[in-house]
1. Is there a residue in the stretch 95-112 that is surrounded by 11 or more Cβ atoms within 10 Å (Cβ to Cβ), assigned to a loop (DSSP other than H, G, I, E, B), at pLDDT below 95 and hydroxyl-bearing (Ser, Thr, Tyr)?
2. When you scan the stretch 17-54, how many residues do you find that are farther than 17 Å from residue 80 by Cα and either β-branched (Val, Ile, Thr) or not assigned by TED's automatic domain parsing to the domain that holds residue 83 (or both)?
3. Can you find even one residue in the stretch 48-56 that is part of a strand (DSSP E or B) and touching a His at 6+ places or on another chain (Cβ under 7 Å)?
4. Considering only residues of the stretch 57-94 that are of a type outside the set (A, V, I, L, M) and part of a helix (DSSP H, G or I), which is nearest to residue 111 (Cα to Cα)?
5. Against the definition (hydroxyl-bearing (Ser, Thr, Tyr), within 15 Å of residue 100 (Cα to Cα) and under 13 Å from the mean Cα position of the chain (by Cα)), how does residue 55 come out, yes or no?
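The values are calculated or read from the model by the stated rules, or taken from the named source; none is laboratory data. Nothing here was measured: the structure is a model prediction, and the numbers come from that model. Here the Cβ positions follow ideal geometry from the backbone for every residue, glycine too, while neighbour counts run over all protein chains shown.
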Amino acid sequence: MSETHVTVIGNVATEVSYGETTGGVPMANFRLGCTERRYDRQRECWVDGETQWVTVTAWRALAVNLIGSLAKGDPVLVSGRLRVREWTEGEAKRSRVEIDARSVGHDLTRGTTAFRWATGVRGQSPGGAGPAGAEPGGGVVPPWIAGALEARRASAAAVGAPGAAAAAE
């Protein structure tokens, strides 16, 4: 097995496009931008490096789930098989980096997300709403997390902190 598997962190750079093969297999893809950040000791600040562009392709259930989960600009982690496509146009040699995604998720170091079970996923309760004990809408939020979020929102609103409106959303 000589496949190269990678995990890449970046931002969704295009809207997710969806289609099906002639055999009816769902397929989705989007462009991912990955920009290096490094600390410049001379200027004493963080600077952006070169941006790498990758095309991410997903198949079947992952493709269907990407449509309802990702938006342009979202920070994500993508794990899958690395592919480098090469071709020539006239005398110019071209290449494109692609990832055949096995797993895609939001980068939780930069924000929060709420998981919802997809229809027909193994491990769901018999009612299909998610695991046993899940809320009817499919979300599973332990009471202590909900309480902590409410306390944080109340604290930010009371102080009038910058970003209090964003924390309340």
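1. No; the residues of the stretch 95-112 include none that is surrounded by 11 or more Cβ atoms within 10 Å (Cβ to Cβ), assigned to a loop (DSSP other than H, G, I, E, B), at pLDDT below 95 and hydroxyl-bearing (Ser, Thr, Tyr).
2. Residues flagged as farther than 17 Å from residue 80 by Cα and either β-branched (Val, Ile, Thr) or not assigned by TED's automatic domain parsing to the domain that holds residue 83 (or both) within the stretch 17-54 amount to 6.
3. Taking every residue of the stretch 48-56 in turn, none turns out to be part of a strand (DSSP E or B) and touching a His at 6+ places or on another chain (Cβ under 7 Å).
4. Here the residue is 69.
5. Against the criterion (hydroxyl-bearing (Ser, Thr, Tyr), within 15 Å of residue 100 (Cα to Cα) and under 13 Å from the mean Cα position of the chain (by Cα)), residue 55 does not qualify.
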